[in-house]
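Participant: The structure that follows is given in the form of structure tokens.
Nothing in this text is a laboratory measurement; each read-out follows from the coordinates by a stated rule. For clarity, every value in this text was computed on a predicted model and none was experimentally measured. For neighbour counting, all protein chains shown are included, and Cβ atoms are generated from backbone atoms with ideal geometry for every residue, glycine included.
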Amino acid sequence: MLTPAQIQLLREELETAKNPLFFHDDDPDGVCAFLLLYRLNREGHNVIVKSGPKIDLSFLRKVEEYHPDKIFILDVPIVEQDFIDQAKRPMFWIDHHQPLQRTNIRYFNPRLIRQDLYLPSSYMAYEVNNNPDDLWIAVVGCLYDWHLPEFIDEFIQKYPDLLSKKTTIGDAVYKQPMKVLIRLFSFLMKGKTSDVQKSIKILTRIKSPYEILRQESPAGRFLYARFEKINQKYDPLLKAAKKKAGREKILLFEYTEQQWSFTTDLANELAYLYPKKVIIIARKKSGEMKCSLRGATPILPALEKALVGIQGYGGGHDVACGAVIKEEDWKQFLENFEGELHA
Ligand SMILES: [Mn+2]
């Protein structure tokens, strides 16, 4: 949660920026945080920081390309000190991952105040934005990052057909009509960077969720059609994954790089649908199995033990982890992991 002074500072820095450069994560929380800040002043450019959650020296070329007067970094867990030192710009970093020690950057991270304070980046961006017209964008970002913000009541009042009543986070994200909007934001961030950037550019001008959902304008129609096309790749995978739910504790679903990556989306949705199971979604790519793991109870200790003697790495949170395992060790890893779960 930002203090009034921090909100004031960020708002002023945005309003006086002539050519700000925004670096943001490629998930809905990151992109919603960008939209919320960008819509205040509509100046500058954005750079998507893809899955490798880190801004290092390789991003300096973006600074050289755009010549920004200020840099805003949103929902990116790691910014390297070298980048901060060499980019030589006033820098503002809004994030909510494990805090790091950095100098010469204004760092806004609720976990610096309290380690267990969980507030998505888009939540803080909305504190700065504070425009009720953009409330829906903040709600998409927060719900995607599994946080029910206090302004959800205002959202329910304003868009009762999207979210009818205060409910659990899982039902809001996967059961209520709202789920289409959240999935849409997630899927529009997939595909070729130029296509994703086109979608983001259009999103900066969308006035209400209905413009997209009811396809009330050419812009809304475009976004909805692109979403539907990507959704058509997801639905068969979800269906196939659901078929893997048997009597075993583990629900394992594997697919390949021939298909677009939906690993996180599948893992999250299946964890909601099968709350008692441990979910493993793995995509085979370039000789490795890239996976997401989910559990209702902590699975991180079992993952760490299962990785001993295996070519691969992994980690994350107690109940939500990621791992990358060499294909030739995959079977052994699964055996280890299952053994650890039952230990
Ligand atoms: Mn986030």
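Participant: Sorting check: for 122-130, 103-111, 235-243, 31-39, which peptide has the highest mean count of neighbouring beta carbons within 10 Å, and how do the rest follow?
Facilitator: Result, highest mean Cβ count within 10 Å first: 31-39, 122-130, 103-111, 235-243.
Participant: Taking the Kirkwood radius as the inverse of the mean 1/r across Cα pairs, report the Rg/Rh of the stretch 1-75.
Facilitator: Reported Rg/Rh (Cα atoms, Kirkwood Rh): 0.96.
Participant: Ok, one more. Taking every Cα atom in the stretch 200-343, find the radius of gyration and the maximum pairwise distance Dmax, and write them in Å.
Facilitator: Answer for the stretch 200-343, Rg first and Dmax second: 18.1, 56 Å.
Participant: Can you give the convex hull volume per residue for the Cα atoms of the stretch 157-213, as a whole number of Å³?
Facilitator: Per-residue hull volume (Cα only) is 82 Å³.
Participant: Could you work out how far the C-alpha centroid of the stretch 127-149 sits from that of the stretch 1-73, in angstrom?
Facilitator: After rounding, the separation between the Cα centres reads 17 Å.
Participant: To test your reading of the geometry: what angle, between 0 and 90 degrees and rounded to tens, separates the Cα axis of helix 218-243 from the longest principal axis of the chain?
Facilitator: 20
Participant: Asn46's amide H: which non-local residues (gap 5+, or another chain) put their own amide H closer than 5 Å, with H modeled 1.01 Å from N in plane and none for Pro or chain starts?
Facilitator: Amide H neighbours of Asn46: Phe22.
Participant: Helix-only estimate, please: 222 nm mean residue ellipticity of the chain, summing -39500 (n - 2.57) across DSSP H runs of length 4 or more and dividing by its residues, to the nearest 500.
Facilitator: The helix contribution divided over the chain gives -13500 deg cm²/dmol.
Participant: Return the subset of Lys243/Lys284; Lys175/Lys290; Lys239/Lys276; Lys242/Lys277 for which the Cα-Cα distance in this structure is over 23 Å, preserving the input order.
Facilitator: Lys175/Lys290, as the Cα separations exceed 23 Å there.
Participant: Roughly what % of Cα-Cα distances in the stretch 269-343 sit above 22 Å, to the whole percent?
Facilitator: Cα-Cα pairs in the stretch 269-343 separated by more than 22 Å: 15 percent.
Participant: Provide the per-residue ³J(HN,Hα) series for the stretch 174-183, in order, calculated from phi with Karplus coefficients 6.51, -1.76, 1.60 and θ = phi - 60°, each as a whole number of Hz, with x at glycine and proline positions.
Facilitator: Computed from phi, the couplings for the stretch 174-183 are 10, 10, 6, x, 3, 4, 5, 5, 5, 5 Hz.
Participant: Could you list the residues of the stretch 279-322 with an amide nitrogen less than 19 Å from a label point located 7 Å from the Cα of Lys242 in the Cα-to-C-beta direction?
Facilitator: 279-282
Participant: Would you pull out the residues with amide H under 5 Å of Glu254's amide H, same chain only if 5 or more places away, H placed 1.01 Å from N?
Facilitator: So Glu254 has HN proximity to Ala282.
Participant: Oh, and also: Average projected area of the Cα convex hull of the stretch 59-146, in nm²?
Facilitator: 6.5
Participant: On each of the three principal axes of the Cα atoms of the chain, give max minus min coordinate, whole Å, ordered largest first.
Facilitator: Principal axes ranked by extent give 57, 47, 37 Å for the Cα atoms.
Participant: Hey, can you rank 279-291, 302-314 by average C-beta count inside 10 Å, highest first?
Facilitator: Ranking the peptides 279-291, 302-314 by packing returns 279-291, 302-314.
Participant: Let me ask something additional. Under a crude label model (7 Å from the Cα following the beta-carbon direction), how far is Leu57 from Leu273 in nanometres?
Facilitator: Label at Leu57, label at Leu273, 4.6 nm between them.
Participant: Provide the net charge surrounding Ser292, with neighbours chosen by a C-beta distance below 10 Å and charges set as Lys +1, Arg +1, Asp -1, Glu -1.
Facilitator: +2
Participant: I'd like the projected area of the stretch 105-220, averaged over all directions, using the convex hull of its alpha carbons. Report it in nm² with one decimal.
Facilitator: Spelled out: convex hull of the Cα atoms, projected over all directions, averaged, 8.5 nm².
Participant: Multiply the residue gap between Leu148 and Arg214 by 0.36 nm, knock off their C-alpha separation, and tell me the result in nm, one decimal place.
Facilitator: Stretched out fully, the Leu148 to Arg214 stretch lengthens by 21.3 nm.
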